[in-house]
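What follows draws every value from the coordinates through simple rules; no lab data is involved. Small disclaimer: the values here were computed from a predicted structure and weren't measured. Ideal geometry is used to build each Cβ from the backbone, glycine not excepted, and the neighbour counts take in all protein chains shown.
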Amino acid sequence: MQIGILQCGQAPEALKDQAGDYPDMFIRLLAESGFTFRNYHVEGMEFPASVHDADGWLLTGARHGAYEAHDFIPPLEDFIREAYAEAVPMVGICFGHQIIAQALGGKVEKYAEGWSVGAKEYDFEGETLTLNAWHQDQVTQLPEGARVVGQNDFCANAALLYPGRAFTVQPHPEFTDSFVQGLIETRAIGVVPTPLLDRARAGMGGKRDSDAIAARIAAFFREAVADRQGAA
């Protein structure tokens, strides 16, 4: 199964030697899946010719707001709507989670309560998972067809399932603590309140449940592709 990675942003240059860019992180996250990958830098206006050029699509995080005026956002939203209509499965993480919701009629906003940074616990339908977060924007209104499958007190719509079509997650299963520390050093000073950064640093070193989300992503892609092939 080939997964096309739609790269919506870039890791800080200072961290790429250590961690790679966002597609590299997802390839590592899903290394046990048996998938193959091809990257498209959609932020740089590199788009697939067709939504059928891969078996499924993974949309990465980005510094951008989904509601901002960037050249790549309108064609990306068009691509999302077409993939959804054609039942080509999509997974979105952080910005990817937000842009899928927005493209399908939901609403994304800069959250009034501010930032979520570092290790946070989420309720995934009765299972408590700890994942690294890095966001201020949130999906505040769900599009039709979306169901909440992950949440916490700060982020009510932290994971959404669009049955057979999309699975999206607000936190970052691909982010290690060392990468979060790098983001603090390269992007956060003077932007994210210092007490939040201090709490994020204090919470480093604990267990992260990235493997559990990787398993959910892989299972979603396999089941959605099998369902689509069965319906063909």
If each part is reduced to its alpha-carbon centroid, the range 163-232 and the range 103-120 end up apart, in Å, by 14 Å
Please state the equivalent ellipsoid semi-axes for the range 16-108: what are the square roots of 5 times the Cα gyration tensor eigenvalues, largest first, in whole Å?
-> 21, 17, 12
Scaled to the compact-protein estimate 2.2 N^0.38 Å, what is the alpha-carbon radius of gyration of the chain, rounded to two decimal places?
-> 0.94
Just name one of L59, I80, G126: the one whose Cα is farthest towards the positive end of the charge dipole of the chain (beta-carbon charges, Lys/Arg +1, Asp/Glu -1).
-> G126
Treating each Cα of the range 118-231 as an identical point scatterer and ignoring solvent, apply the Debye formula and state log10 I(q)/I(0) at q = 0.18, 0.21 Å⁻¹.
-> -0.95, -1.18
The summed charge of the R201 Cβ neighbourhood (under 13 Å; Lys/Arg +1, Asp/Glu -1) stands at -2
Return, for the Cα atoms of the range 32-164, the radius of gyration and Dmax in Å, separated by a comma.
-> 14.8, 41
Gyration tensor verdict on the range 175-232 (Cα atoms; rounded if a/c is under 1.5, prolate if a/b is larger than b/c, oblate otherwise) | prolate
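If you take the square roots of the eigenvalues of the alpha-carbon gyration tensor of the range 109-163 and sort them as a ≥ b ≥ c, do you get rounded (a/c under 1.5), prolate (a/b over b/c) or oblate? Walk me through the numbers on the way to the answer.
Values: a/c = 2.37, a/b = 1.13, b/c = 2.10.
Oblate, because a/c is 1.5 or more while a/b does not exceed b/c.
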Gyration tensor on Cα atoms of the range 1-70, a ≥ b ≥ c root eigenvalues, a/c under 1.5 rounded, else prolate if a/b beats b/c, else oblate, says oblate
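Cα-based count: Lys pairs in the chain below 26 Å, eight or more positions apart or different chains?
Values: K16/K120; K16/K207; K107/K120; K110/K120; K120/K207.
Summing the qualifying lysine pairs gives 5.
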